[in-house]
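Read through the structure below, which is laid out as structure tokens, and then see the notes.
The values are calculated or read from the model by the stated rules, or taken from the named source; none is laboratory data. In this text, all values refer to a predicted model and were calculated from it rather than measured experimentally. Heads up, the Cβs are rebuilt from the backbone with ideal geometry, glycines too, and the neighbour counts pull from every protein chain shown. All accessible areas refer to the heavy atoms of the entire protein, side chains included, with ligands and DNA or RNA removed. Shrake-Rupley method; radii C 1.70, N 1.55, O 1.52, S 1.80 Å.
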Amino acid sequence: MPTTDTETGMAPDPTAERALLEQFDAIVERNDRVEPRDWMPEGYRKTLIRQVAQHAHSEIIGMQPEGNWISRAPSLRRKAILLAKVQDEAGHGLYLYSATETLGPSRQELTEMLLAGKQKYSSIFNYPTLSYADVGTIGWLVDGAAICNQVPLCRTSYGPYGRAMIRVCKEESFHQRQGYELLMTMMQGTDEQRAMVQESVNRFWWPALMMFGPPDDESPNTAQSMAWGIKRNTNDDLRQRFVDMSVPQAEALGVTLPDPELRWNEERGHHDFGQPDWDEFMQVVKGNGPCNAQRLAHRRRAHEDGAWVREAALAFADKSGGLDTPALVPREGYSTSETEEVR
Ligand SMILES: CC(C)(COP(=O)(O)OP(=O)(O)OC[C@H]1O[C@@H](n2cnc3c(N)ncnc32)[C@H](O)[C@@H]1OP(=O)(O)O)[C@@H](O)C(=O)NCCC(=O)NCCSC(=O)Cc1ccccc1
């Protein structure tokens with residue numbers, strides 16, 4: 001087997017490089033997993049770092065909109081459920097940061113790239129949560145969209161990402177059910193509660209559709225990511241799957257999805273639906289959404305407030321025989337200020 005450049009630190013000769021590329025292509029072709037020590041094209045590595053880091057950042061920033069309601073949950077039961085859900089999202093962020101680290105960048109570097117605006121997080125978390133119904137709607141629609149997008153990613157070609165997705169999907173599926181159950185409970189309540197649910201669904205429907213990314217003909221990354229087996233479906237395919245899945249759920253709930261163009265198309269065997277406002281999407285992705293500045297400022301503050309914890313853990317690890325002891329490696333996602341400050 002040819003020596004890999006990651007082992008020697010030197011560029012392999014062209015023949016060796018061709019052999020490595022063939023080996024990589026064969027793994028992708030067989031739908032096997034590419035593992036961290038395998039040779040991989042630089043573009044594949046970069047694309048994965050971009051996507052998996054963006055996914056990790058989304059999980060961590062995604063704690064904020066729902067965290068906003070922890071101190072105001074209407075009952076102890078709802079508070080316990082919401083706390084557990086938000087903690088799960090922190091856990092997802094941690095798996096995904098670990099998966100990204102296997103590709104090269106350190107956790108510290110990834111956090112810095114997020115805070116410097118060099119890496120993105122999902123557009124959906126730049127919208128505010130204005131009522132408690134939003135907690136249910138996020139569970140139903142946002143976790144629902146996340147599941148649609150992530151179930152195929154369990155079969156992504158990069159091993160650590162695919163394995164992280166398996167556990168994440170199980171938990172997201174549970175999150176979706178808790179959101180739906182919350183909305184169902186409100187729909188069986190008073191007229192005001194039903195109105196709160198409808199108003200919340202009206203605000204979140206279109207941003208949820210945007211989570212799947214731009215339309216296929218405006219998605220610069222999809223074709224190559226699919227050729228590499230990183231993505232298994234196009235943005236539009238997954239969006240369609242999400243709409244088809246959500247329509248009967250909305251009917252069972254008794255809410256109206258705010259799209260006058262939404263109707264069943266017998267010929268296609270799918271629902272036709274309208275397009276989200278793609279200009280709004282671009283603005284949100286560029287940092288000009290309703291909560292972009294607030295979300296990043298909060299994340300920055302939590303990171304700075306957690307500096308002493310990281311320093312203390314490093315000093316303790318140093319005295320206790322090194323950083324190899326996993327429990328001693330500082331993990332800023334566990335910083336208490338992350339949730340404490342979101343009120
Ligand atoms: C489908 C897509 C998001 C985008 O496809 P790609 O092939 O990568 O890109 P494409 O060429 O189509 O786009 C062109 C440009 O537009 C960017 N962009 C596109 N869409 C968005 C967007 N929505 N927001 C922001 N930016 C977006 C894209 O990065 C690219 O820009 P770049 O070139 O980087 O500068 C893909 O990355 C993916 O499947 N990611 C994994 C799933 C994932 O990240 N899930 C996270 C949410 S789930 C969750 O957090 C769970 C939860 C629930 C409740 C509470 C808390 C947590």
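Observations, loosely collected:
- With every protein chain in place, the chain: carbon and sulfur % of accessible area (1.4 Å): 54 percent
- Heavy-atom surface of region 20-320, accessible at 1.4 Å and reported per residue (Å²): 46 Å²
- Given 14 as the ceiling on other Cβ atoms within 10 Å, longest exposed-site-free region of the chain for GluC sites (Glu not before Pro) in DSSP loops: 1-260
- Cα extents of region 153-238 along the three principal axes, largest first (Å): 51, 30, 14
- Under the criterion of Cα pairs below 8 Å and six or more residues apart, the relative contact order for the chain equals 18 percent.
- For residue 158, the residues whose amide H sits under 5 Å from its own are 34, ignoring neighbours fewer than 5 places away on the same chain, with H placed 1.01 Å from N.
- In Hz, Karplus ³J(HN,Hα) per residue of region 194-201 (6.51, -1.76, 1.60; θ = phi - 60°; x = Gly, Pro): 4, 5, 4, 5, 4, 4, 5, 5
- Across 46/231; 85/286; 118/286; 46/118; 46/120; 120/286, pairs whose alpha-carbon gap is larger than 18 Å: 85/286
- Cα-based shape type of the chain, given that a ≥ b ≥ c are square roots of the gyration tensor eigenvalues and the cut on a/c is 1.5: oblate
- Listed residues 245, 65, 215: farthest to the positive end of the dipole of the chain (Cβ charges): 65
- Distance from the Cα centroid of region 19-37 to that of region 85-152 is 28 Å (rounded to whole angstrom).
- Radius of gyration over Kirkwood radius for region 81-224, both on Cα atoms: the Rg/Rh ratio is 1.00.
- The charge dipole of region 59-107, taken about its Cα centre with unit charges on the Cβ of Lys, Arg, Asp and Glu (plus for the first two, minus for the last two), comes to roughly 360 debye.
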